[in-house]
1. Take 60, 9, 177 and order them by how many other Cβ atoms sit within 10 Å, fewest up front.
2. For the residues 14, 101, 186, what sequence is obtained by ranking on other C-beta atoms within 10 Å, fewest first?
3. Can you pull the semi-axes for the range 2-217, root of five times each eigenvalue of the Cα gyration tensor, sorted largest first, whole Å?
């Protein structure tokens, strides 16, 4: 089963993924973890990071991300065929939200169609979007000494990114099932809610759609 976690920086995706992975492994599930562009399995981690950091045009960023994800898809498909649960930190919706917020002349659904219909990307069985106010996310990052990634982003742009990451229409277009979790709750509550949703989906079968919600808010 292919599970994607979305959310702005500071939403707690990494912590949630590790927590859900631990609970699934305790249930006897094989779990594989993947970053946004899948650099762990392409062997191009440092190269891809340099290219993304050097690319200032969002169209170039999208091109690099698409190329990297296409390379990673083979391994993801192999893991899924072997019965693993794949947890990925960011996927198509992040591209629509972050790079798409710099290309407002392109409708979000055009980017969705590019990746799923044209590039034939795998569609996640479940997308879990962690929702948090940008100011709360910024405070959380400052408290833990993480770099402030919001410095170059206006409040208006951060709200646009947040709105796209939690949009019911975009979530249902980019995933078979979806769930929006209030990430301002405690980490334990977020992990428990996410793990319960994934466990339920595993129990009913990955091919039965719209069972976690139609983008239920929790």
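Where a number appears in this text, it was derived from the coordinates with a stated rule and is not lab data. Note that the structure is a prediction, hence the values are computed from the model and not measured. Cβ: placed from backbone, ideal geometry, glycine included. Neighbour counts: every protein chain shown.
1. Details: 60 14, 9 21, 177 25.
Result, fewest neighbours first: 60, 9, 177.
2. On the way: 14 12, 101 20, 186 9.
Ordered by Cβ neighbours within 10 Å, fewest first: 186, 14, 101.
3. Working: eigenvalues 117, 89, 61 Å².
Three semi-axes, in Å: 24, 21, 18.
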